[in-house]
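*Asks:* Sharing a structure, written as structure tokens. Questions coming.
The values are calculated or read from the model by the stated rules, or taken from the named source; none is laboratory data. Keep in mind that what you see is a predicted model, and the values were worked out from it rather than measured. Because the Cβ atoms are built from the backbone with ideal geometry, glycine has one as well, and the counts that use them run over all protein chains shown.
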Amino acid sequence: MIKSKYMNPYLAGVLLGMVLLAAMFLSGRGLGASGGIKDTVVAVVGAVDKQHAMNTPYYSKYYQNGEHPLRNWLTLEIFGMVVGGFLSGALSHRLKFKIEKSPKISNRKRLLFAFLGGLFFVYGAQLARGCTSGAALSGMAVLSVAGFVTMAAIFGSAYFFAWFFRKLWI
């Protein structure tokens, strides 16, 4: 039997469920990340042009009553994910820069498509009012119909689009 250096996916699923349960128990909220990205963008807009942020209805609501968008719990969650990922990579001796791709495409093309995929994903998360973690994972944990529909749409569209973009990996 081949010994894998990666975590057992069933164990990882159970641990993810425990983290989700702990998040719901301790904070009263599930997991999610896209809202934290939005708060970070709002904070950057406020840092670059405070007058614009205060005079725009969308941005100004994040600064009401002396609040600041970076004081949101989602921003701390994203910070924790980045630090935790870095520590995990460092402790497992896998901390290195590597571009995962097919030998048939260039690094530049792979990075371009990865950037575009991330851009479309973040835009879609804003349209859907949540990312896979918030809308699907946390939604399914509370037996929300929208959570199940979101997860089905994510897997269905991934299966469909994988056929078109398979040459980026194969």
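*Asks:* Just checking, which of 90, 33, 53 is more than 27 Å from residue 137 (Cβ to Cβ) and either small (Gly, Ala, Ser) or in contact with an Asp or Glu (Cβ under 6 Å, 6 or more places away or on another chain) (or both)? It would help to see each step written out before you state the result.
*Replies:* Numbers: 90 fails: more than 27 Å from residue 137 (Cβ to Cβ); 33 fails: more than 27 Å from residue 137 (Cβ to Cβ).
The conditions single out 53.
*Asks:* Residue by residue through the range 14-29, note down the ones that are touching a residue at least 40 places away in the same chain (Cβ under 8 Å) and either loosely packed, with under 11 Cβ neighbours inside 10 Å or part of a loop (DSSP other than H, G, I, E, B) (or both).
*Replies:* Result: 29, single match.
*Asks:* Could you tell me how many of the residues in the range 39-75 are touching a residue at least 40 places away in the same chain (Cβ under 8 Å) and among the aliphatic types (A, V, I, L, M)?
*Replies:* Narrowing the range 39-75 to residues touching a residue at least 40 places away in the same chain (Cβ under 8 Å): 73-74.
Those left that are additionally among the aliphatic types (A, V, I, L, M): 74.
So the answer is 1.
*Asks:* Which of the residues spanning the range 26-52 are under 13 Å from residue 71 (Cα atoms) and among the basic types (Lys, Arg)?
*Replies:* Once the filter is applied, which keeps residues that are under 13 Å from residue 71 (Cα atoms) and among the basic types (Lys, Arg), the range 26-52 yields only 38.
*Asks:* Something else now. Please identify the pairs in which a residue from the range 111-124 that is of a type in the set (A, V, I, L, M, F, W, C) has its Cβ atom under 6 Å from the Cβ atom of a residue that is assigned to a helix (DSSP H, G or I), counting only partners at least 6 apart or on another chain.
*Replies:* 113/168
Per-residue answers, yes or no, for (1) touching a strand residue (DSSP E or B) at 6+ places or on another chain (Cβ under 9 Å); (2) part of a helix (DSSP H, G or I); (3) surrounded by 13 or more Cβ atoms within 10 Å (Cβ to Cβ); (4) at pLDDT below 85:
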{"position": "5", "(1), (2), (3), (4)": "no, no, no, yes"}
{"position": "12", "(1), (2), (3), (4)": "no, yes, no, no"}
{"position": "31", "(1), (2), (3), (4)": "no, no, yes, yes"}
{"position": "35", "(1), (2), (3), (4)": "no, yes, yes, yes"}
{"position": "43", "(1), (2), (3), (4)": "no, yes, yes, no"}
{"position": "47", "(1), (2), (3), (4)": "no, yes, no, no"}
{"position": "53", "(1), (2), (3), (4)": "no, yes, yes, no"}
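*Asks:* So, of the residues in the range 125-134 that are free of Cβ contacts under 8 Å to residues at least 60 places away in the same chain and of a type outside the set (Val, Ile, Thr), which turns out to be surrounded by the fewest Cβ atoms within 10 Å (Cβ to Cβ)? Give the steps one after another, and end with the answer.
*Replies:* So the first thing to find is which residues in the range 125-134 are free of Cβ contacts under 8 Å to residues at least 60 places away in the same chain, and the list is 127-129, 132.
Within this subset, residues satisfying the condition of being of a type outside the set (Val, Ile, Thr) are 127-129.
Values: 127: 8, 128: 17, 129: 12.
Among those residues, the one meeting the criterion is 127.
*Asks:* Do we have any residue at all in the range 93-104 that's among the polar types (S, T, N, Q), farther than 12 Å from residue 168 by Cα, surrounded by 11 or more Cβ atoms within 10 Å (Cβ to Cβ) and in contact (Cβ under 8 Å) with a residue 40 or more places away in the chain?
*Replies:* Initially, the range 93-104 is screened for residues among the polar types (S, T, N, Q), giving 102.
With farther than 12 Å from residue 168 by Cα added as a condition, the list becomes none.
No: the range 93-104 contains no residue that is among the polar types (S, T, N, Q), farther than 12 Å from residue 168 by Cα, surrounded by 11 or more Cβ atoms within 10 Å (Cβ to Cβ) and in contact (Cβ under 8 Å) with a residue 40 or more places away in the chain.
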